[in-house]
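The values are calculated or read from the model by the stated rules, or taken from the named source; none is laboratory data. Since the model is a prediction, treat every value here as computed from it, not as a measurement. Note: ideal-geometry Cβ built from the backbone for every residue, glycine included; neighbour counts use all protein chains shown. The accessibility values were calculated without ligands, DNA or RNA, using every heavy atom of the protein model including side chains. Shrake-Rupley method; radii C 1.70, N 1.55, O 1.52, S 1.80 Å.
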Amino acid sequence: MGLKITALASGSNGNCYYIGNDQEAVLVDAGISCRETETRMRRLGLSMANVRAIFITHEHSDHIKGLPVLAKKHQLPVYITPGTLQNLRFGLERHLVRSFQAYAPVQIGDLTVTAFPKYHDAADPHSFIITGNGINVGVFTDIGTPCDHVISQFRQCHAAILETNYDDSMLDRGHYPYYLKARIRGNHGHLSNKQALTLFTGYKPAFMSHVLLGHLSRDNNRPELVQELFTAHAGGTQVVVASRYEETAVFHISGELVPTPAVTMPAPQKSGAAQLSLELF
């Protein structure tokens, strides 16, 4: 058996990741509406009845805006640090709130979820490794720089959801004001294509079968650029670029490398008004 993973949404307009086995699953972040989460899961043949908990990385709106309705409707425990909880702009039903600490494993059925700290412009940001059936899946998004915590966890993953937020030259040439460019590429901002590729090529274990590249900037990156860049260095790892606007396929992580990396591209990026907030890029 192994684990099933999908990016239900990945980008400044919402982030939500599903990781689970045949019986139970968790969501990492809830940045799209409850209805849209249910719809995308239904299209993939996934059931909300299998979801046992939601784990929250940080308080930026593109990671939590669907949380109160989703948690209440399905009575899902929400694992969140006190620092992140204090910075929410809404309340949660008290009986659903659970706290977690870095490197203190949380057992969800046969799944083990372990948080680790990271650098990001938020109150108390963490990411997660989900383990089940001997398989490790890591979520590595909203990271300013690949610190020792990130590197050590990345080296253990059979599959990773990895941020590739911006291309350096596109950000340089883009219309964002200087202060925002500095925040995005700062040590508490987001990972560039170059930073993510360095992490991938330098620390990817030989057994990593899939990497889902996500949280691409609408204005400062291009899916085809990221796909080409990582595919050239993928070896036996399948490279998937997650979309801002629709779910990826469900990928089955078994610990075995795929024979030939598939080229998997998201839907074309839609236009929209620029929003000047770090959480939106």
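Structure above, values below:
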{"quantity": "Local electrostatic count at residue 34 - Lys and Arg +1, Asp and Glu -1, tallied over other residues with Cβ under 12 Å", "calculated": "+3"}
{"quantity": "Probe 1.4 Å, accessible area per residue of region 168-242, Å²", "calculated": "41 Å²"}
{"quantity": "Neighbourhood charge, 12 Å Cβ-Cβ cut-off, centred on residue 206 and excluding it, Lys, Arg +1 and Asp, Glu -1", "calculated": "+1"}
{"quantity": "Among 129, 151, 80, residue whose mean-square fluctuation peaks in a GNM of the chain (springs only between Cα atoms under 10 Å)", "calculated": "151"}
{"quantity": "Descending Cα extents along the principal axes, region 1-117, whole Å", "calculated": "36, 29, 26"}
{"quantity": "For the chain, the spread of Cα positions along each principal axis, largest first, Å", "calculated": "48, 44, 36"}
{"quantity": "Taking all pairs of distinct alpha-carbon atoms in region 171-263, Kirkwood radius in angstrom", "calculated": "14.6 Å"}
{"quantity": "Volume per residue that the Cα convex hull of region 123-227 spans, once the total is divided by residue count, Å³", "calculated": "101 Å³"}
{"quantity": "Carbon plus sulfur fraction of accessible area for the chain, probe 1.4 Å, in percent", "calculated": "50 percent"}
{"quantity": "Partner aspartates and glutamates for residue 4 [C-alpha distance under 20 Å; skip if fewer than 8 residues away on the same chain]", "calculated": "22, 24, 29, 36, 38, 110, 163, 246, 247, 256"}
{"quantity": "Per residue solvent-accessible surface (Å²) - region 1-47, probe of 1.4 Å", "calculated": "29 Å²"}
{"quantity": "Net charge of neighbours whose Cβ lies under 13 Å from the Cβ of residue 170, counting Lys and Arg as +1 and Asp and Glu as -1", "calculated": "+1"}
{"quantity": "Whole-percent pair-distance distribution, where bins are 5 Å wide, for the alpha carbons of region 1-70", "calculated": "4, 18, 33, 26, 13, 5, 1"}
{"quantity": "q = 0.12 Å⁻¹: log10 I(q)/I(0) that the Debye formula gives for region 77-181, counting C-alpha atoms only", "calculated": "-0.52"}
{"quantity": "Over the chain: helical MRE at 222 nm, DSSP H runs n ≥ 4 each giving -39500 (n - 2.57), nearest 500", "calculated": "-6500 deg cm²/dmol"}
